[in-house]
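Heads up: the structure comes next, in structure tokens.
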Amino acid sequence: MFFYIGWFAVSLCLIFFAENYLITTDDIIQQNNINVIIVFKKILYIVFVIIAVLIPSLIAGLRDYSIGTDVMIYGNIWFNNAVHTSDFFSYVQWALSSSIGFLYATFNYVIAKFTQNPHYFYFWYSFTENFIVFWAIKRNRDIVKATPAMAVYLFMFFNLTLNILRQGMALIILVWGFKNIRNKQFLKYAVVVLIAYLFHSTAILGIFIYFIYWLVNDNLSELNELLLIILCLLGIILFQTMSNSLLNNSLINQRYSVYTINQSGGFYQHFILLCIPTLLLYLFSHIRKDNVFKGLRVIVIFSTLLGFLTLQVASLGRITQYFDIFFIFALPYVLNSSYRIHIKNVSLNNVILLIYLIVYWIIIYSVMKSGQTVPYIYMQS
């Protein structure tokens, strides 16, 4: 347990130092005269960020194959398939026929041309994910700072990515596209959704996030938000009936029947530990209700409401994750924009956030063993 928490802390300390004490690229552009000290700080900033991103990547790459259930289900299998397949197009066709995303298969194939060791694949795959997350946060630095946002990612979602390989990358790519949602760049965001879709087909749901975000930000935003909530509640109530009807009439593929199996799970920890605290922060916030606030609030509301579906169908937790992942922005944004908790003029907001995230991580990943990633086991081969 302390293995993860300790290394997360090291990574976050590096990001905090780089963010607060070293000059970033944007700062340097504003300087008229670039001197040796500024260049040195820029280099040091880049080095600190790279090391911070490398730390969780090494955790992913050096782990035993028993860490993360999907590793043994398809992770090793498709990497080894890539190792023993010389023709790229044959491999991709094989993967697609087995419901493996084109870009996930491509990633496997490229790494397999350089090494036969799956650990290298998991390292580079995780490094790509972690880099994209940091990049996504920097793209939205006007609403969140890097340290608290990365803390949310590491403690809430990093262990998840060790388990759900294909969907983990899809989720993170959609996070990168949040800037395009905010800027109302539908075509650019559609490309982002397409790239995510090529890792995992359920990423097509990301397109709805764009419309939900902007429906609550037009001239009828309050009415639209109410209608969206009502529609979501109706969908939850009628989900079982509608999904069974679609399956029985062959309107959706039978492989999606797993999402209709009446099996409970995952609701209470998701609802109580993740959704409710964040939703309460939004409901009692006193800041000006701008587009970002209203957009993130409706995402949090949808995540909370969709969580009710996991009372019936545990596997639908993977669907709610397309909303949950945006808590990387939603939680630090509302906490640091709406509330000021001080002791002798020293802000405690991020301290409280960190304590909350550690408690969340311990309960979800250490106590409840979500994703089978704790305890950490070093690679055996």
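The values are calculated or read from the model by the stated rules, or taken from the named source; none is laboratory data. Fair warning: this is a prediction, and the values are worked out from it, not measured in the lab. When we count neighbours, we look across all protein chains shown, and the Cβ atoms used for this are built from the backbone with ideal geometry, even at glycine. SASA here: full protein model, heavy atoms, side chains in, ligands and nucleic acids out. Shrake-Rupley method; radii C 1.70, N 1.55, O 1.52, S 1.80 Å.
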Express in Å², to the nearest 10, the accessible area of GLU129 obtained by rolling a 1.4 Å probe over the protein heavy atoms while all chains stay in place. 0 Å²
Net lengthening on full extension, ILE38/PHE131 (0.36 nm per residue, minus Cα-Cα): 31.1 nm
Sticking with the crude label model, points 7 Å out along Cα→Cβ, report the distance from CYS13 to PHE102 in nm, one decimal please. 4.5 nm
Apply the Karplus curve 6.51 cos²θ - 1.76 cosθ + 1.60, θ = phi - 60°, to the phi angles in the range 360-371 and return the couplings in whole Hz, x for Gly and Pro. 4, 4, 4, 5, 6, 9, 8, 7, 8, 6, 4, x
In Å², rounded to a whole number, the accessible area per residue of the range 30-170 with probe 1.4 Å is 43 Å²
Under a crude label model (7 Å from the Cα following the beta-carbon direction), how far is SER285 from LYS188 in nanometres? 2.2 nm
With labels modelled as points extended 7 Å from the Cα through the Cβ direction, what inter-label distance (nm, one decimal) is found for LEU233 paired with ASN117? 5.6 nm
Say a paramagnetic label sat at a point 7 Å from the Cα of SER338, along Cα to Cβ; which residues of the range 269-289 have their backbone N under 14 Å from it? 275-289
Grab the Cα-Cα distance for ILE355 and SER66, subtract it from 0.36 nm times how many residues apart they are, and report the gain in nm with one decimal. 101.2 nm
Step through the residues of the range 36-41 one at a time and calculate ³J(HN,Hα) from phi using the Karplus curve (6.51 cos²θ - 1.76 cosθ + 1.60, θ = phi - 60°), rounding each to whole Hz and writing x for Gly and Pro. 4, 5, 5, 4, 4, 5
Just order 117-126, 203-212, 294-303 by mean Cβ neighbour count inside 10 Å, highest at the front, would you? 294-303, 117-126, 203-212
